[in-house]
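Encoded as structure tokens, the structure appears first; notes follow it.
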Amino acid sequence: MECDDRMGLHYTVAIVEDNHWVGKLLESYCQQCGLDVVSIAADGEQFIRMYDQLLPDILLVDIGLEGNLDGITMVQTLRRAGYQQKVIMVSGTTNIDHILTSFHDLGSVYFLSKPVMLPKFQAAIRKAIAEIQLERNHAQQAPPPMKTNWITVKNQKSQLPISEESILFIEKEDKRLSRIHLKNGAHMDSSTNLSDILSQSSPLMFSPFKGFLVNMRHVVSYVKESGFPTSRRFLIHLNHTPIKIPLSRSLQKEFGRLLQEIHDQV
């Protein structure tokens with residue numbers, strides 16, 4: 001049985017699957033359906049790092065992958081970075097929690113159970129394409145996304161990539177741990193030094209005070225600290241959080257200049 005004629009015309013697919021033969025089968029199904037396969041990867045972290053060069057319309061993702069990230073964590077990382085490409089999960093799992101997570105947390109359009117048969121594959125692709133077409137017809141054309149800067153941090157025993165744009169601020173908790181606050185309200189602890197994080201960051205990540213990094217993208221304003229007449233600090237106000245970040249008086253002019261440059265570009 002073959003797919004509908006050119007049902008995948010003008011649509012690109014990336015396959016993230018650690019089993020070589022399953023990956024080749026999915027590639028064959030894509031080709032039969034007229035889809036353009038732009039990548040076949042087995043490692044989720046490596047795939048994230050080349051994602052901006054690919055920007056596929058549809059992702060075919062296995063749950064079990066090589067490396068530190070499973071398929072669910074990989075898609076969650078992309079979602080936190082703001083990517084909303086259509087995801088079709090492909091797995092032999094019977095774990096109902098994985099299946100529910102795929103639909104409710106990741107927004108998957110379909111869950112394909114292994115072994116994957118062509119009729120089910122066709123149905124999944126049709127659903128993904130229908131959603132893409134609906135969005136393209138009714139949503140205003142958005143500007144192309146800016147290139148994402150990925151920062152790799154140590155989280156327990158794993159190396160986890162985080163998009164710089166998703167970070168609100170980072171504060172040093174103690175000698176070993178830093179807490180990374182994300183704009184979606186979540187936070188995570190990391191043993192990566194602030195200096196190592198800063199070395200991976202763009203100039204928009206700024207250290208306003210000892211033990212802190214703040215993402216200038218999310219700064220609203222800053223004011224002199226009130227209630228303490230002898231205080232020489234300022235307090236930084238951010239979007240997405242009521243927490244105020246300290247700003248050293250010695251860095252106030254540099255911080256203000258950078259903030260003004262950002263506002264002038266908007």
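The values are calculated or read from the model by the stated rules, or taken from the named source; none is laboratory data. As the structure is a prediction and not an experimental result, all values here were calculated from the model. No Cβ is skipped: glycine too gets one built from the backbone with ideal geometry, and neighbour counts run over all protein chains shown. Ligands, DNA and RNA are excluded from the accessible area calculation, which covers all protein heavy atoms including side chains. Shrake-Rupley method; radii C 1.70, N 1.55, O 1.52, S 1.80 Å.
Using unit Cβ charges (K, R positive; D, E negative) and no other charged atoms, how large, in debye to the nearest 20, is the dipole of the chain about its Cα centre? Display every interim value, and only then the final one.
Working: 28 positive and 29 negative charges, 264 e Å.
The dipole of the chain has a size of about 1260 debye.
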(request) Place a +1 charge on the Cβ of each Lys and Arg in the range 155-218 and a -1 charge on the Cβ of each Asp and Glu, then give the dipole magnitude about the Cα centre in debye, rounded to the nearest 20. (result) 100 debye
(message) List the pairs from Lys24/Lys154; Lys86/Lys172; Lys24/Lys127 whose alpha-carbon separation is above 30 Å, in the order I gave them.
(response) Lys24/Lys154; Lys86/Lys172
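Leaving ligands, DNA and RNA out of it, report the carbon-plus-sulfur percent of the accessible area of the chain at a 1.4 Å probe.
Here it works out to 52 percent.
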(request) Can you tell me the equivalent ellipsoid semi-axes for the chain? Use √(5λ) from the Cα gyration tensor, largest first, whole Å. (result) 42, 20, 14
(message) If amide hydrogens are placed 1.01 Å from N in the peptide plane, which non-local residues have theirs closer than 5 Å to the one on Gln85?
(response) none
(request) Grab the other residues whose beta carbon is less than 13 angstrom from that of Ser201, score K and R as +1, D and E as -1, and report the net. (result) -2
(request) Place +1 on the Cβ of every Lys and Arg and -1 on the Cβ of every Asp and Glu in the chain, take the dipole about the Cα centre, and give the residue among Ala81, Phe209, Gln31 whose Cα lies farthest towards its positive end. (result) Phe209
(message) What does the charge count around Ser166 come to, taking other residues whose C-beta lies under 9 Å from its C-beta (Lys +1, Arg +1, Asp -1, Glu -1)?
(response) 0
(message) Using only the heavy atoms of the protein chains and a 1.4 Å probe, how would Glu66, Glu131 rank by accessible area, largest first?
(response) Glu66, Glu131
(request) Only Cα pairs under 8 Å and at least 6 apart count here; give the relative contact order of the chain as a rounded whole percent. (result) 11 percent
(request) State the extension gain, in nm to one decimal, for the chain segment bounded by Asp52 and Asn155, taking 0.36 nm per residue of separation less the distance between their alpha-carbons. (result) 34.7 nm
